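Here the structure comes first, spelled out in structure tokens, and everything after it is commentary.
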Amino acid sequence: MTRMKFRIMRVEPEGQRIWEYFIIPEDIVDKDLFINSDLYDLNTLSWFAGFKDKNKKDVYEGDVIKHSYREDRTVIAWQQKEAQWSMGGYNSDSIEVVGNKFEHPDLIK
């Protein structure tokens, strides 16, 4: 059975922001899902890219990755035209997640 995995940031009343992770079973993927925008920051909804970095950490849309052999960084994003995740031309064995664009926008230069 195929499952869709994603994360989204929950916003606490005192302003604290916490990542929550969800798995949606295949039988409800085609259904409309309601996400309460009073509890969650909808701009942080990030799908699991389906692979892990060199440290075996799950990679999500919006993650900032660093390449093992270069200093530049790339933000993981779905490329609709190519029907693939952008990784700066590298495979997952040579990348490391160093943060994400939501919590650490300074990582993107």
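Since every read-out is calculated from the coordinates, none of them should be taken as a lab result. Computed from a predicted structure; not experimentally measured. Ideal geometry is used to build each Cβ from the backbone, glycine not excepted, and the neighbour counts take in all protein chains shown.
Sequence-distant or interchain residues sharing an amide H contact under 5 Å with Gly99, placed H: which?
The list, which skips near neighbours in sequence, is Val64.
Got a sec? How would Glu61, Glu103 order by Cβ neighbour count within 10 Å, fewest to most?
Lowest count first: Glu103, Glu61.
Within the range 5-109, which chymotrypsin sites (Phe, Trp or Tyr not before Pro) sit in a loop by DSSP and count at most 12 neighbouring Cβ atoms inside 10 Å?
Phe34, Tyr69
222 nm [θ] for the chain, helices only, -39500 (n - 2.57) per DSSP H run of 4+, per residue, to 500?
-500 deg cm²/dmol
What ranking of Asp58, Asp38, Asp106 emerges when the number of other C-beta atoms within 10 Å of each C-beta is taken as an exposure proxy, fewest first?
Result, fewest neighbours first: Asp38, Asp106, Asp58.
Give or take rounding to whole Å, what are the principal axis extents of the alpha carbon atoms in the chain, in descending order?
41, 38, 26
Neighbouring Cβ atoms within 10 Å as the yardstick, rank Asp63, Asp41 fewest first.
Fewest-to-most ranking of Asp63, Asp41: Asp41, Asp63.
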